[in-house]
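Reviewing the structure listed below.
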Amino acid sequence: AVRTIVSAVAERSPAALAGLRVGDEVLEVAGKALAASGGPEADALLQAEENERVPMLVRRAGCRAPIHLSLRCALLPPPSVSSRTVRLPARAAASAAPGQPGGRSEGGGHAAVLRIHHFGAGTA
């Protein structure tokens with residue numbers, strides 16, 4: 001059986017607004033079990049009209065029972081930039097000079113990772 005695990009959820013997206021989280025396992029979309037086919041079938045089932053609600057059933061770590069969610073489909077512009085903070089290995093944090101990204105004065109072992117997807121009017 002193929003498992004469909006959520007790897008990312010865009011801020012303010014229909015998935016985020018419905019409560020979907022990274023790490024959730026998608027069990028059903030629109031009442032159809034995904035155990036046999038996984039991701040490609042889920043993609044097809046999520047192709048709905050704008051404002052149409054699509055029910056989902058997910059399994060979440062730490063929850064005994066599956067969780068029912070309802071996604072409201074919407075057209076979203078792709079983000080031009082995304083970011084996340086990562087923890088640097090101790091060796092990398094120690095080797096960075098103070099005042100430089102990753103240096104001890106910059107948060108003691110953390111770095112910002114920026115991903116520029118494309119340049120557009122909203123990209124600074």
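Accessible surface computed residue by residue for segment 1-91, with neighbouring protein chains in place and a 1.4 Å probe, gives 70 Å² per residue. Annotation: amide H of residue 110 within the under-5 Å range of 88, sequence separation 5 or more or interchain, hydrogens built in the peptide plane. Other residues within the sphere of radius under 10 Å centred on the Cβ of residue 3, judged by their own Cβ, net out at 0 (K and R +1, D and E -1). Potential lengthening of the chain between residue 116 and residue 3 amounts to 37.7 nm, from the contour at 0.36 nm per residue minus the alpha-carbon distance.
You can think of it this way: the chain between residue 51 and residue 27 has 6.4 nm of extra reach, that is 0.36 nm per residue less the Cα-Cα gap. Between amide H atoms placed 1.01 Å from N, distances below 5 Å from residue 20 occur with no residue 5 or more places distant or on a separate chain.
The values are calculated or read from the model by the stated rules, or taken from the named source; none is laboratory data. These numbers come from a predicted model, not from an experiment. Here the Cβ is made from the backbone with ideal geometry for all residues, glycine too, and neighbour counts use every protein chain on show. All accessible areas refer to the heavy atoms of the entire protein, side chains included, with ligands and DNA or RNA removed. Shrake-Rupley method; radii C 1.70, N 1.55, O 1.52, S 1.80 Å.
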